[in-house]
Amino acid sequence: IDDVASLPTSQKYPVMLPAACKEGYFISPSSSDYDRSSMGETVVRVGGKGALASWSPTSVGEAAGQHYLQEGFYDAFNHGVHELGPATYLGKLNLYQNAEGDHRELIDTYVLFGDPALQIPMVHQHWAFMPLAVKGY
């Protein structure tokens, strides 16, 4: 966290989707002599660098459950969603509908640091089909 301030300034900022335990653990209060902010908080709060948002786990979780969250998040953009908040909701919905048992606690574990109304600009690629003919086969 101490190195975030040394990041170079940028014109483009990421939206972070960390799959690391307690990356967004925000419930420990800071004191005047020690900053206990989470990585998710820190990268969003730093000015002119860092991230636009971070959808962060506040506790521990297994990769299998995190897979469902991120799969649903990214798939939302394939279905016309352009806002960050609804994409995180659809990630949690995907987890709820497809994961079993212990993974569902991640629904309450993940929080969004940043603006849920953030519009994500999308560039849609149109792929052209060009048949390939190879001589000699």
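Each reported figure results from applying straightforward, stated rules to the coordinates on display, with no laboratory input. Treat the numbers as computed from the prediction; the structure is a model and nothing was measured. Cβ atoms come from the backbone with ideal geometry, glycine included; neighbour counts cover every protein chain shown.
Structure above, values below:
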{"quantity": "Mean separation of Cα contacts under 8 Å, 6 or more apart, over the residue count of the chain: relative contact order %", "calculated": "24 percent"}
{"quantity": "Net charge over other residues, Cβ less than 15 angstrom from the Cβ of H103 (K, R count +1; D, E count -1)", "calculated": "-4"}
{"quantity": "Packing rank of 101-109, 115-123, where each peptide gets the mean count of other beta carbons within 10 Å, highest leading", "calculated": "101-109, 115-123"}
{"quantity": "Around T58: net Lys/Arg minus Asp/Glu count, Cβ-Cβ under 9 Å", "calculated": "-1"}
{"quantity": "On Cα atoms only, tilt of 84-98 relative to the major axis of the chain in degrees", "calculated": "80 degrees"}
{"quantity": "222 nm mean residue ellipticity, helices alone, for the chain (DSSP H n ≥ 4; -39,500 (n - 2.57); rounded to 500)", "calculated": "-9000 deg cm²/dmol"}
{"quantity": "Hydrodynamic radius (Kirkwood) for the stretch 1-113, which is based on Cα pairs only, to one decimal in Å", "calculated": "14.8 Å"}
{"quantity": "Hits among lysines - C-alpha to C-alpha of K22 under 26 Å, sequence gap 8 or more where chains match", "calculated": "K12, K49, K92"}
